[in-house]
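Right, one structure below, let's go through it.
The values are calculated or read from the model by the stated rules, or taken from the named source; none is laboratory data. Remember, it's a predicted structure, so these values are computed and weren't measured experimentally. Glycine also receives a Cβ, built like all others from the backbone with ideal geometry; neighbour counts cover every protein chain displayed. What goes into the accessible areas is simple: the full protein's heavy atoms, side chains included, and nothing from ligands, DNA or RNA. Shrake-Rupley method; radii C 1.70, N 1.55, O 1.52, S 1.80 Å.
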Amino acid sequence: FKREFEKRRCNVFVPNVLENFTTRRVICTQWVDGVKLVDAPSDEIQRLIPVGVEIFLTQLLDIGAFHSDPHPANLYVTTDGRLCLLDFGLCAEIDQKARRAMTAAIVNLLQGDFHSLIAEDAKALGFLPQDMNVTELKPILTKILTEGLLESGSNLHERKRKLLDIASELNEVFFRYPFSVPPFFALITRGLGLLEGIALSADPDFDIFR
């Protein structure tokens, strides 16, 4: 990870592994002075959260491997003001096909191309069977994506209210259609959820979708 981030000139610090003290079961890295990102001043959090989102997407869409355990104690701010990623005890890999499909899904979501998102990307990522006819599903998912996520942005209360409003559509999706969630996807949502939570503690108007 250190090598890959440096190669891409990402502004993130990854501590060196001390090979002589590292075994198959224990990883030993250099000591890092700093504070947890969540405990940093609000202006510092606002400055570094975009860096966190960038390195998360870099891992996800470019490197093909990502730190899957970014809980608050693993995101630090060094004494010189850099974002630091600690503890690579839980990582996951994403193959090139899935990376391309995720990139296409993000582009189609941003452009509002829900047909491609549902008919192509959802199948490529393994959420839906390849041979499924999505004609019935498309208007339901379009409503969920538009009203439940995009329009409410990162306003957690508004998002929860809108998702409750379309609960019947959500239930129909889960019970009527053969959805499957890829194993790595839970790790992705966990990572983004943590970054969003830290960002909102410093900036109530932060919107991770933007």
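Rolling a 1.4 Å probe across all protein chains gives V14 an accessible area of roughly 10 Å². Relative to the longest principal axis of the Cα atoms of the chain, the long axis of helix 183-202 lies at roughly 70 degrees. Per-residue packing, averaged as other Cβ atoms within 10 Å, sorts the ranges 21-27, 92-98 into the order 92-98, 21-27, beginning with the highest.
The heavy atoms of F174 present about 130 square angstrom of accessible area, all protein chains included, probe 1.4 Å. Mind pulling the angle between the C-alpha long axis of helix 167-176 and the longest principal axis of the chain? Nearest 10 degrees, somewhere in 0 to 90. Approximately 80 degrees, to the nearest ten.
The distance from the alpha carbon centre of the range 1-38 to that of the range 75-115 is 18 Å, rounded to a whole number. Of the labelled figures (i) 90, 31, 27; (ii) 58, 37, 28; (iii) 96, 30, 26, only one reflects Cα extents along the principal axes in Å as derived from the coordinates, namely (ii).
Close Lys pairs in the chain (alpha-carbon distance under 18 Å; sequence gap of 8 or more, or different chains): 4.
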